[in-house]
1. So which trypsin sites (Lys or Arg not before Pro) in region 124-212 end up in coil per DSSP with only 16 or fewer other C-beta atoms within 10 Å?
2. Run the paramagnetic zone check for residue 194: 7 angstrom along Cα to Cβ, then residues of region 79-95 with backbone nitrogen under 15 Å.
3. What per residue convex hull volume, in Å³, comes out for region 15-100 when only alpha-carbon positions are used?
4. Please list the three semi-axes, largest first and in whole Å, of the ellipsoid equivalent to the chain, using sqrt of 5 times the eigenvalues of its alpha carbon gyration tensor.
5. For the peptides 86-99, 39-52, what is the packing order when you average, over each peptide's residues, the other Cβ atoms within 10 Å and list the highest mean first?
6. Check residue 236: other-chain or 5+ apart residues with amide H under 5 Å from its amide H, H built from backbone geometry?
7. When you take every Cα atom in region 48-165, what is the radius of gyration, and what is Dmax, the widest Cα pair distance, in Å?
8. Compute the long axis of helix 117-132 from its Cα atoms, compare it with the longest principal axis of the Cα atoms of the chain, and write down the angle in degrees, 0 to 90, nearest 10.
Amino acid sequence: MSSLQNKVIWITGASSGIGEALVYECAKHNAKIILSARRESELIRVSKTANLNASDFFILPFDLSDTTNAKELTQQVISKFGRIDILINNGGQSQRAEAIETSTETERTLFEINYFSAVNLSKAVLPFMLKNKSGKIVVISSIAGKFGFYLRSSYSAAKHALHGYFESLRLEVEKKGVSVLLVCPGKVKTNVSLNAISSSGDSHNKMDESHEHAMSAQECAQQIITGILNEKEEILIGGKELLAVKIKRFLPKLFGKIIRKQSPY
Ligand SMILES: NC(=O)c1ccc[n+]([C@@H]2O[C@H](COP(=O)([O-])OP(=O)(O)OC[C@H]3O[C@@H](n4cnc5c(N)ncnc54)[C@H](OP(=O)(O)O)[C@@H]3O)[C@@H](O)[C@H]2O)c1
């Protein structure tokens with residue numbers, strides 16, 4: 001992809017963190033942006049900060065925990081811009097609760113938000129992309145999609161599931177002009193730990209030490225845009241924590257020792 005100029009880009013989780021930073025980066029590239037998340041007031045704030053022209057953005061609030069209306073949402077985007085070039089499935093919620101304390105209801109919610117929303121939205125936009133023989137689906141996974149970790153059983157499982165689904169989808173649609181990019185951030189300084197679901201079902205409400213000093217959301221968003229422009233299939237973004245992915249692959253016994261010593265926070 002040579003440029004994002006005038007590309008229609010739908011970003012979920014656009015009200016905060018990595019999604020918010022992606023809005024600012026896409027705005028710099030003069031893209032047309034659909035901003036989605038639950039909090040409409042925050043989406044309006046982001047659109048104002050990005051200084052977008054009225055004709056270049058569309059605010060479409062909805063809850064990722066129920067995307068059975070994905071086709072209707074997509075139709076609203078098509079009515080506004082006539083096409084969708086890039087869908088960025090970024091919105092998500094983490095977990096800070098032991099598996100034994102996590103209710104089935106919470107496990108299902110984490111799967112709806114982190115897995116089924118990406119599947120449902122992607123399936124809704126695909127017919128339009130396939131008709132145009134062009135399009136890109138970006139999925140924000142995590143290094144938790146590469147290995148399990150303390151207090152993140154269902155979150156990590158949902159992120160792992162994204163890889164199985166979207167690697168399969170890629171094989172099916174790439175010859176028809178649609179590409180898939182899987183992004184695995186390590187630690188990025190956002191509200192992800194504050195917003196993570198706890199064993200009570202409420203927000204964890206604490207900033208993890210490891211996120212406090214992590215890469216900025218802006219740097220992460222810039223690397224995602226570079227990955228999109230360079231037609232990457234999968235990218236890892238973060239600091240030294242990314243080494244764990246390579247160690248697990250090449251030295252699994254050492255990985256087992258190292259991962260057990262890490263703080264959950
Ligand atoms: N930060 C990291 O270190 C890190 C590492 C690996 C992966 N990730 C992934 O990066 C993505 C973005 O997270 P972030 O770090 O930017 O966290 P964040 O600051 O907490 O942002 C999360 C975004 O998702 C939206 N969201 C959450 N639950 C939603 C729901 N039920 N319905 C609709 N929107 C919802 C939030 O908007 P509303 O609250 O307005 O709905 C917000 O815009 C997530 O998929 C996360 O798993 C982050």
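No value in this document is a laboratory result; all are computed from the given coordinates. Computed from a predicted model, the values in this text were never measured in an experiment. Glycine gets a Cβ as well: all are built from the backbone with ideal geometry, and neighbour counts include every protein chain shown.
1. Taking region 124-212 and a limit of 16 other Cβ atoms within 10 Å, the loop trypsin sites (Lys or Arg not before Pro) found are 133, 206.
2. In region 79-95, the label zone of residue 194 (backbone N under 15 Å from the point 7 Å along Cα→Cβ) covers 94.
3. Convex hull of Cα atoms, per residue: 111 Å³.
4. Equivalent-ellipsoid dimensions as semi-axes: 29, 20, 18 Å.
5. Going from most to least packed, we get 86-99, 39-52.
6. Amide H to amide H, under 5 Å and 5 or more residues apart or across chains, residue 236 pairs with 184.
7. So, for region 48-165, Rg and Dmax equal 16.1, 49 Å respectively.
8. 30
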